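The values are calculated or read from the model by the stated rules, or taken from the named source; none is laboratory data. Not measured: the values here are computed from a predicted model. Because the Cβ atoms are built from the backbone with ideal geometry, glycine has one as well, and the counts that use them run over all protein chains shown. What goes into the accessible areas is simple: the full protein's heavy atoms, side chains included, and nothing from ligands, DNA or RNA. Shrake-Rupley method; radii C 1.70, N 1.55, O 1.52, S 1.80 Å.
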Amino acid sequence: MKQTSTIISTYSADVFGVCSALFELGGMTVMHDASGCNSTYTTHDEPRWYDMDSMVYISGLSEMEAIMGDDEKLISDICAAAEELHPKFIAVAGTPIPAMTGFDFDAVAELIESRTGIPALGFATTGMNTYVHGASMALEAVARRFADRNAVKTAQPTANILGLTPLDFSVNRSDAAIAAFLEESGFKVLSRWAMGSTLEDLSRAGSAHVNLVVSSTGLGAAKALQELFGTPYVVGVPMGEEFSALVRGALQTAAATGENQFPACCLQGGDTVIIGEGVTSVSLASALELSTGKAVKVICPTETDEALLREKDAKLQFEEEILEALSNARQVIADPLFKPICPETVRFVALPTESFSGRIYREDIPNLVSDFETFANEVL
Amino acid sequence: MLKRIERPREFSGIPIGQASFPAPFASGLEYASPARGTWNIVHTGMLIPEAHEIFVCAASCLRGVVLTAAELGMAHRFSTVEVRENNLLDGDMEDLVIEGVSDIIEKLPKRPPVVLVYTSCVHHFAGCDLEMIYEELRNRFPDIDFADCYMNPIMRKSGLTPDQLMRSRLYMPLKPRPIRKGSAALIGHDLPLDEDSDLMVLLKENSLKIHEITSCRNYEEYQEMAESEFYISRYPSAVAGGDMLSQRLGGRHIYVPFSFDCDEIENGLTRLAEIMDIPVPDFSGKREEVAAALKETLNMVGGAPIAIDYTYCPRPLGLAKLLLDAGFNVDRVYLDAVTGEEKSAFDYLKEHHPHLQLFPTVHAAMRFHSAKERSNYLAIGQKAAHFTNTNHFVNVVEGGGMLGYQAIFKTLELMRQAVREEKDMRNLIQIKGMGCGGCV
C-alpha cells in the first residue's frame, strides 16, 4: 500500500520548508496549528534554532477556534506579537486542520498587513507535501514581494544563489563553498536565498546577471526573477571538478545568452542509485558519472520539476515503490534512514540529509561542494 | 499603524504578587524552547514491552514522531500511515486507517502482541468512526491487542489533555485477571520510581509485590500488572487514567501526590498506608532532617540566584516556597499556567514572597529572553537553565523517580552537586525524552 511506511522516515513537510526558507530574513513566521509543529521544526529541521533569534511561532489553534472559524484570535495574536517584536514581515503558513476548514491565508495576510502596516504573506501549506513545496513557495513569494523592481543590472558579472536551506545543505558551510565557486567563476554573489543574506540583500537580486538554482526549493524564485527581471537561471550544484566546470560554463552561457541552462551528465544504465532531492541528486549523479565513468540513477521522493530529472531517473514517493525500484540495485547512496528498505546485498553509502533524518547524523553530512573527492572515493 | 523600532524590548516577568491564577500570562503565539527533555507520546508508548506504534496522520505531524523513534533507535517498533489531501476530499479516512494498519502488520518481520494505533486531529475533525476501525482491526487480527491512542493536540483545551490520554491508554491493553492480594502497580509515570523513595521503601518494607511498567521485560510481565490490588499514581496527569484502570480491572487507585510540603507528604503516605492496611510510616525526625539539609545546601549555594521551571517537577511553586522560606534566593519561576494542585503554594507565595518573578516559557517574546552571556544562576530544570544560560543546573524532568521526603533530600543534593559541577547545558537539554535511552 502506497501511503504506508513500515520503517523509513518522513521528509520534512511543506510548512517547515516555509519556516526554513524565511528563517534568516528578519520576519515572523507563524505556523497555524494546534501544537507540535513548532517543536518538531525547531528540534529536527532547524539547526540554527539555538544560535539565531529568528521569530518562528505556532498559533496554538484550539478545537473551538477551528470549529467556530475564529480567525480573529490568530489575527489579533499575530498583531499583538508584531507590535512587541517588530518583524520586517509576517508569514502565516498552514497545516492539516486549516486545510480542512478552508482557511483563507491570503485574506488573513491582507488583514494583518492592513492592521500592522507590516508586509504579510499567506502560505496555504497543508502539512501534506514535502519541504520542497513550502520552501519554494516562500522564496518565490519573497521574490515577488520584496525584489526591487527598479533594480538595474550590475556592471560586473553577478549572480544570486537560489534554494539554499539547511534542509538540503545543513550548516556545514556548503553555502559558503557554493558562493566561493561563483566568485572563482567570475560572478560576484549578490544574495543567497536564504542562508547568509538579509532581506535587503535579497531585494537587490534583480541586479544579477544570472541565478544559480541549487535545489528544487529555488525554482519558484528563479522563475519569478526571470519573469520580473529577465534573469536566466542555471540549475545545478557545483560538485567535483568536471561537473563544476559544466556548471561554470552553463553560468557563462546563461549570462551571455539569457537562456536557462540545465547542465547534467547522463550515461546509459547503471546499478548505483541515489535517493534524494531532485537537483542535488542529479548534480551528484552527474558529478559521479563524470569523475568515475559509471552510470548513476536518481530516485527523487520530493517534489521537483520532472524536466530536471534525466530519462533514467524516477520520481517515487512511497516506501513500497522505492523498495521495488531498489530490487536490482548494486549500490545505494542515500540517507541512513533509507537503509532498512535496501536489499541485504546492496552496498550502502550513507549520505545523510537534514530533510530526512533531521539532526541524527548532522555531524556526518558531507560538504560535497568543497570535498566531493572524499565522498566519491567511497562510491565504487 | 505600528511604530517600528530596531530591537524587541526585553521581556520582563510578573511579580507573583501581581499575578493571576491560574493563567498569569495572556495566551498568544507560542515559542518552543530548545529544551527537549520531557517525554512525548512516542516515548511513553514505547514503555509497553514488544508494542508496535503506528501513527496515522499528515506528514507534518509524522515528522516529529518518526524522528523521535529514530533517535531512540526504535524505528523497528514504529510505522506510519500518511494522510494525504485526497483522503480528506474522498472521505476514505476509515479505510485508510484499517487498510494502512493491516498492510503494515502483514509486512512486519514479526507479529507484535500489541499495536498502538495513534489517530490525529484530522480524524477527529472528519468525524471518523474510530470504534468501527478498532472493531474491524480486532476482527482481522484476533491475536493482536489494539490500543486506541491519540495525537490530537487540537483537543488539548477540551476534556482530557493528550498527556492525560496517553497515560491512560498505556494500560488499556491490560486484560482482567484475578486480583492478587498484596500486589500493587505503580502507574502513569515515565521514569521508574527511585528505590530510596519513601513510597518504594514503604511498599518493600511491607513485602508488597510491586509492578511497574518501566521494569517489565516482556508483554506477559506487563499483563501481570492487571493482577494488582492497588494502582498507585504520583503524577497529576496520571490520575484520570488511574481511575479508569481501577473501574475496569477492579483494583483500587490511590494517588500519592508529588510534593515538597511536609504535611502533604505525610498525609499522602498515611492515607496510602491506611487504604492498603499497612503500618503508617514513622515520620519522626524527618522535618529536622529536612531543616538540616536545607541549611547545609544554603551554606553551599549562598546568595546565588535560583531559577526553577515547571519541567523539573509538577510542583515548581511548592519547591520555590520550600526554598524561599529557608532563605534561598529564588528569584524566578518559569511556568505558563498554575495548576490547581499549586493553588495553595501560589497563594502563599503571593502573600509572603510577592517579589518572586514568574516568567512564561512559550510567550512569543521569550524567543529573545535567553541570556546571551553565561550567568551565575543555579537553575532547577532544563528550561530554567536555558533561559538563564547557566551550566550549573539540576538536570531532571517530570520529577525524575522521586517521591516523598526523598524528593526534598534528593533535590537538595542535586542542587549542591550542580553548584560544584558544571554541565554541558546546551547539549544535554536538547536530548528528547530524558531517561528514555535517546541516542542523539
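Annotations
- Residue satisfying all of: in the stretch A:64-77; buried (at least 17 other Cβ atoms within 10 Å of the Cβ) and touching a residue at least 24 places away in the same chain (Cβ under 8 Å); nearest to the other protein chains (Cβ to nearest Cβ) among these: A:66
- Matching option when the condition is open to solvent by less than 10 Å² (accessible area, probe 1.4 Å), at positive phi, of a type outside the set (Val, Ile, Thr) and out of contact with any Leu (no Cβ under 8 Å at 6 or more places or on another chain), among B:381, B:285, B:302: B:381
- Cβ separations smaller than 9 Å between residues 6+ apart or across chains give the following pairs from the stretch A:351-376 residues that are free of Cβ contacts under 8 Å to residues at least 60 places away in the same chain to residues that are of a type in the set (Phe, Trp, Tyr): A:352/A:361.
- Applying the set (1) open to solvent by less than 10 Å² (accessible area, probe 1.4 Å); (2) at pLDDT 95 or above; (3) within 14 Å of another protein chain (Cβ to nearest Cβ) to residue A:96 leaves exactly one unmet item: (2).
- Number of positions in the stretch B:269-292 that are part of a loop (DSSP other than H, G, I, E, B) and closer than 13 Å to residue B:408 by Cβ: 1
- Residue within the stretch A:216-223 that is open to solvent by less than 10 Å² (accessible area, probe 1.4 Å), hydroxyl-bearing (Ser, Thr, Tyr) and farther than 30 Å from residue A:380 by Cβ present: yes
- Residue match in the stretch B:61-71 (condition: open to solvent by 10 Å² or more (accessible area, probe 1.4 Å), more than 12 Å from chain A (Cβ to nearest Cβ) and touching a residue at least 40 places away in the same chain (Cβ under 8 Å)): no
- Consider the stretch B:303-351 and keep the residues that are without any contact (Cβ under 8 Å) to a residue 40 or more places away in the chain and in contact with a Lys or Arg (Cβ under 8 Å, 6 or more places away or on another chain). The one that is farthest from residue B:405 (Cα to Cα) is B:348.
- Subset of the stretch B:250-275 [under 18 Å from residue B:239 (Cβ atoms) and aliphatic (A, V, I, L, M)]: B:254, B:256, B:265, B:269, B:272, B:275
- Any pair with Cβ under 9 angstrom, 6 or more apart, that starts in the stretch A:124-139 at a residue that is surrounded by 24 or more Cβ atoms within 10 Å (Cβ to Cβ) and ends at one that is hydroxyl-bearing (Ser, Thr, Tyr) and part of a strand (DSSP E or B): A:138/A:29
- So residue B:102, is it modelled with pLDDT under 95 and on the phi < 0 side of the Ramachandran plot: no
- Of the helices (runs of 4 or more DSSP H) lying entirely inside the stretch B:293-405, those containing at least 3 residues that are more than 24 Å from residue B:234 (Cβ to Cβ) span B:343-352, B:382-388.
- Among the residues of the stretch A:12-45, those that are in contact with a helix residue (DSSP H, G or I) (Cβ under 6 Å, 6 or more places away or on another chain), within 14 Å of residue A:166 (Cβ to Cβ) and of a type in the set (Ser, Thr, Tyr) comprise A:12, A:20, A:41.
- Hey, residue A:34 open to solvent by less than 10 Å² (accessible area, probe 1.4 Å), in contact (Cβ under 8 Å) with a residue 40 or more places away in the chain and more than 17 Å from the chain's Cα centre (by Cα) or not: yes
- Among residues of the stretch A:1-26, those that are more than 18 Å from the chain's Cα centre (by Cα) and more than 7 Å from every other protein chain (Cβ to nearest Cβ), counted: 3
- Residue count for the stretch A:8-40, restricted to those that are at pLDDT 95 or above, part of a helix (DSSP H, G or I) and not β-branched (Val, Ile, Thr): 7
- Residue A:1 vs. criteria among the hydrophobic types (A, V, I, L, M, F, W, C) and either in a strand (DSSP E or B) or closer than 30 Å to residue B:95 by Cβ (or both): yes
- Annotation: residue B:263 fulfils all but one of (1) of a type outside the set (S, T, N, Q); (2) outside any helix (DSSP H, G or I); (3) loosely packed, with under 13 Cβ neighbours inside 10 Å; the unmet one is (2).
- Helices (runs of 4 or more DSSP H) (entirely within the stretch B:77-153) containing at least 3 residues that are closer than 20 Å to residue A:9 by Cα and at the interface with chain A (Cβ under 10 Å from one of its Cβ atoms): B:93-107
- Taking the stretch A:275-293 as the range and being part of a loop (DSSP other than H, G, I, E, B) and touching a residue at least 40 places away in the same chain (Cβ under 8 Å) as the test, the residues that pass are A:276, A:277.
- Residues of the stretch A:160-186 classified as of a type in the set (Phe, Trp, Tyr) and buried (at least 24 other Cβ atoms within 10 Å of the Cβ), total: 1
- Residue B:179 vs. criteria over 26 Å from residue B:65 (Cα atoms) and either among the polar types (S, T, N, Q) or assigned to a loop (DSSP other than H, G, I, E, B) (or both): yes
- Any pair with Cβ under 9 angstrom, 6 or more apart, that starts in the stretch A:102-118 at a residue that is open to solvent by less than 10 Å² (accessible area, probe 1.4 Å) and ends at one that is assigned to a helix (DSSP H, G or I) and of a type in the set (Val, Ile, Thr): A:108/A:75; A:108/A:78; A:112/A:75; A:112/A:78; A:116/A:78; A:118/A:112
- All of (1) part of a loop (DSSP other than H, G, I, E, B); (2) without any contact (Cβ under 8 Å) to a residue 40 or more places away in the chain; (3) open to solvent by less than 30 Å² (accessible area, probe 1.4 Å) hold for residue B:422 with one exception: (3).
- Contacts under 6 angstrom Cβ, first residue in the stretch B:374-394 being closer than 14 Å to residue B:430 by Cβ, partner of a type in the set (Val, Ile, Thr) and buried (at least 24 other Cβ atoms within 10 Å of the Cβ), 6 or more apart: B:382/B:311; B:382/B:429; B:383/B:311; B:386/B:429
- The stretch A:44-53, residues that are out of contact with any Gly (no Cβ under 6 Å at 6 or more places or on another chain), facing chain B (nearest Cβ under 8 Å) and open to solvent by less than 10 Å² (accessible area, probe 1.4 Å): A:45, A:49
- In summary, helices (runs of 4 or more DSSP H) completely within the stretch A:294-380 and bearing 3 or more residues that are open to solvent by 50 Å² or more (accessible area, probe 1.4 Å) and out of contact with any helix residue (DSSP H, G or I) (no Cβ under 9 Å at 6 or more places or on another chain) occur at A:372-378.
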